[in-house]
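Right, one structure below, let's go through it.
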Amino acid sequence: MTTISVRRLASDDWPLYRTLRLAALADAPEAFGSTLEQEQAFTEEAWRERLARRNQFVAEDGDRACGLIGIVPDAPGTAQLVSMWVHPAARGRGAADLLVRAVLQWASDHGIPQVELWVTEGNGHAERLYARHGFQRDGRVQPVREGEPGLEFGMVRSGPVGDGHTDATAGSRR
């Protein structure tokens, strides 16, 4: 069995990012605010710009990419966890936990004490994953996509990475 590792993507990794993001949108269209059709139309420049605006991490099982997560600074002291997805074949092997830990560590390293995210209503696996890492529902609710019936709820985590919230083991959005 290969060990899963996580690394941050660079702008030259845009083809890998594109492949994973499109796979995520195809696998779980209800979990993301965008659609496969919208993002299939993105140019190389758009993918590179996305990577420049956010801190995107990839989980790799040997030489195979198997998961994705991003973190985007928001208001002062706050960042948004986005684009969480793990390939179905890699689920249950700890990739999701490693990805969440990577973005929480990035936030801590950059002096950002609060991380927020959105989870599609009914995605109990994602909610349990985030709860293991100290996230709690914060009362916010919104549509996943405007004009569509699906809802998502907000979760928030405050505090340093090493405070006991990150001891766990193995999906969400944008």
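Structure notes:
For every residue, the table says whether it meets (1) more than 15 Å from the chain's Cα centre (by Cα); (2) farther than 23 Å from Ala23 by Cβ; (3) part of a helix (DSSP H, G or I).
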site: Val82; (1), (2), (3): no, no, no
site: Gly92; (1), (2), (3): yes, no, no
site: Ile112; (1), (2), (3): yes, yes, no
site: Leu117; (1), (2), (3): no, no, no
site: Glu127; (1), (2), (3): no, no, yes
site: Arg137; (1), (2), (3): yes, yes, no
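- Evaluation of Leu99 against (1) within 17 Å of Ile71 (Cβ to Cβ); (2) modelled with pLDDT under 95 (one fails), failing number: (2)
- Residue within the range 58-79 that is part of a loop (DSSP other than H, G, I, E, B), surrounded by 15 or more Cβ atoms within 10 Å (Cβ to Cβ) and either touching a His at 6+ places or on another chain (Cβ under 8 Å) or at pLDDT 95 or above (or both) present: no
- If the condition is being farther than 20 Å from Ala89 by Cβ and of a type in the set (Phe, Trp, Tyr), then the range 1-60 contributes Trp14, Phe42, Trp47.
- When Ala170, Ala131 are checked against the criterion of being over 19 Å from Ala107 (Cα atoms) and either at pLDDT 90 or above or surrounded by 13 or more Cβ atoms within 10 Å (Cβ to Cβ) (or both), a single residue qualifies: Ala170.
- Counting residues in the range 101-110 that are polar (S, T, N, Q) and in contact with a Pro (Cβ under 9 Å, 6 or more places away or on another chain) gives one or more.
- Ala126 surrounded by 18 or more Cβ atoms within 10 Å (Cβ to Cβ) and touching a Pro at 6+ places or on another chain (Cβ under 8 Å): no
- If you go through the range 84-115 and keep only what is crowded, with 22+ Cβ neighbours inside 10 Å and in contact with a helix residue (DSSP H, G or I) (Cβ under 7 Å, 6 or more places away or on another chain), you end up with Met84, Trp85, Val86, Ala96, Val100, Val115.
- Scanning the range 9-57 for residues that are polar (S, T, N, Q) and crowded, with 18+ Cβ neighbours inside 10 Å yields a total of 2.
Matching residues to (1) more than 15 Å from the chain's Cα centre (by Cα); (2) of a type in the set (A, V, I, L, M, F, W, C):
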position: Trp47; (1), (2): yes, yes
position: Glu60; (1), (2): no, no
position: Ile71; (1), (2): no, yes
position: Ala75; (1), (2): yes, yes
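The values are calculated or read from the model by the stated rules, or taken from the named source; none is laboratory data. Small disclaimer: the values here were computed from a predicted structure and weren't measured. We place every Cβ from the backbone using ideal geometry, glycine too, and count neighbours over all the protein chains shown.
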